[in-house]
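Bear in mind these aren't lab numbers, they're just calculated from the coordinates by the rules spelled out. For clarity, every value in this text was computed on a predicted model and none was experimentally measured. Here the Cβ is made from the backbone with ideal geometry for all residues, glycine too, and neighbour counts use every protein chain on show.
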Amino acid sequence: MEGLKGLLRHVPAYVLLQRVVGADRLRYRCIEEVKPGETVLDIGCGPAYYFPRLAQPLKYHGFDTDAPYIDWANEHFGGENAGFHCGIFDEAAAGSLPPIDVVLLLGLLHHLSDEQCTDLLNLAASVLRPGGRVVSVDTCFEPTQGRISRWMSANDRGEYVREPPAFEKLALQSFDQVDGEVINDLTNIPSSHWMMRMTAPSSL
Ligand SMILES: C[S@@+](CC[C@H](N)C(=O)[O-])C[C@H]1O[C@@H](n2cnc3c(N)ncnc32)[C@H](O)[C@@H]1O
């Protein structure tokens with residue numbers, strides 16, 4: 001498993017694996033949320049291989065802590081309306097941004113502890129313009145999943161794969177409106193994901 005984790009730091013291998021397992025289709029489902037003309041913040045964007053599928057025109061700000069991912073994204077998609085930044089998305093980064101229509105957290109929350117999720121969701125809520133939303137998708141455990149899907153969840157790179165109610169509880173600390181669905185029919189290998197749409201930041 002360590003070998004696979006190392007391989008996934010190699011960007012073309014990461015992108016290829018996403019396509020082979022069908023994880024790209026999960027991302028495409030999530031980014032349907034973005035409408036032309038919107039401003040998008042993508043936290044934990046990785047190489048953002050799904051960028052060409054985002055509705056255009058748009059203004060895009062991507063953040064990731066992994067330099068090779070960010071370098072690759074900048075090389076392929078960087079431009080006047082798309083900036084990729086290497087680093088943790090923190091208050092200083094949030095303060096540098098214009099109001100955001102959609103925050104994407106694609107495959108991030110299951111890498112973060114409860115405390116880190118709470119801090120990040122509060123920060124995401126703080127950058128939204130009125131009517132803005134946060135969209136997340138994560139590997140989850142769920143009661144109806146079969147053995148292969150459960151194995152996939154248990155062996156995910158993320159250390160905080162949760163059941164949907166646990167993700168929802170975290171989201172409800174920062175947002176008054178949270179809608180979610182289990183998605184288990186998009187990937188080529190049986191696996192379960194939890195997609196959430198968060199609106200109405202609690203602090204407003
Ligand atoms: C599973 S990858 C998802 C990448 C991309 N969003 C996708 O769907 O393909 C999670 C990414 O989150 C990044 N990450 C983890 N913690 C982070 C943090 N606190 N701030 C920014 N990025 C983070 C990792 O470097 C990794 O690239």
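About the centre of its Cα atoms, the chain shows a dipole size close to 520 debye [charges on the beta carbon of Lys, Arg (+1) and Asp, Glu (-1) only; nearest 20 debye].
Dividing the convex hull volume of the Cα atoms of the chain by its residue count, what figure in Å³ per residue is obtained?
On the way: hull volume 22.4 nm³, N = 204.
Dividing the Cα hull volume of the chain by its residue count gives 110 Å³.
Is region 50-133 best put as rounded, prolate or oblate by its Cα gyration tensor, with a ≥ b ≥ c the root eigenvalues, rounded for a/c under 1.5, and otherwise prolate when a/b is larger than b/c, oblate when not? Before the final figure, lay out the partial values.
Details: a/c = 1.70, a/b = 1.22, b/c = 1.39.
Because a/c hits 1.5 or more and a/b fails to exceed b/c, region 50-133 counts as oblate.
Computed over the chain with a Gaussian network model linking Cα atoms closer than 10 Å, the most mobile of G132, G107, G37 is G37.
Our estimate of slack between E181 and N81, defined as 0.36 nm per intervening residue step minus the Cα-Cα distance, is 32.9 nm. Among I31, I88, I43, which one shows the biggest mean-square fluctuation in a GNM of the chain, springs joining Cα atoms closer than 10 Å? Top of the fluctuation ranking is I88. Taking Lys and Arg as +1 and Asp and Glu as -1, the other residues whose beta-carbon sits under 15 Å from that of D71 total -2. Distance between the C-alpha centres of region 68-102 and region 159-174: 25 Å, rounded to the whole angstrom.
Would you mind ranking T199, T65, T139 so that the residue whose beta carbon has the fewest other beta carbons within 10 Å leads the list? Show your work: numbers first, answer last.
Details: T199 16, T65 11, T139 25.
Ascending number of Cβ neighbours within 10 Å: T65, T199, T139.
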